[in-house]
Amino acid sequence: MARALGSGPRGRQFKSVRPDHQNPVKKQVHVYYTGRVQGVGFRFTAQDLAQDLRVCGWVKNLRDGRVELIAEAEEGTLKDLLSRISQYFSSYILDVDAHWQEASNKFADFQIRF
């Protein structure tokens, strides 16, 4: 007796399982930028780039002159974001301190924090 594709014994339906490449795991990157990164449009540019890539999180200026950024998305997308920021501000950034971890999934969009 032939069974319909996707059904198990006694007509039960199997759940479709997606390979990992179709259901990417979100990551979070927490970054501190050092250099002349305040007063140059860094936060607004980072927000524009993040929104274009559909990255969630936030960016803000710190009192010590650094900029802090937390972003969540698929790892490749986050690497793209960081690359774009570094290219755009290459003459302003002296150091990038990035820490990777699992996504918290608590951000709905990308914002500038004050």
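Brief remarks on what is shown
- Note on Lys106 and Arg36: the model spin-label points, each 7 Å out from Cα along the C-beta direction, lie 3.6 nm apart.
- The distance between label points at Lys79 and Lys60 comes to 3.0 nm (points 7 Å beyond Cα on the Cα→Cβ vector).
- In a simple Cβ point-charge model (Lys, Arg +1; Asp, Glu -1; nothing else charged), the range 23-113 has a dipole of about 240 debye relative to its Cα centre.
- Largest first and in whole Å, the equivalent-ellipsoid semi-axes of the range 23-113 read 21, 13, 12, each the square root of five times a Cα gyration tensor eigenvalue.
- Site pair Thr45 and Glu68 shows an inter-label distance of 2.2 nm when each label is modelled 7 Å from Cα along Cα→Cβ.
FYI, it's all coordinate maths here, none of it is from the lab. Only a predicted model underlies this, so the values are computations on that prediction, with no experimental measurement involved. A quick note on method: Cβ atoms are made from the backbone with ideal geometry, for glycine too, and the neighbour counts reach across all protein chains shown.
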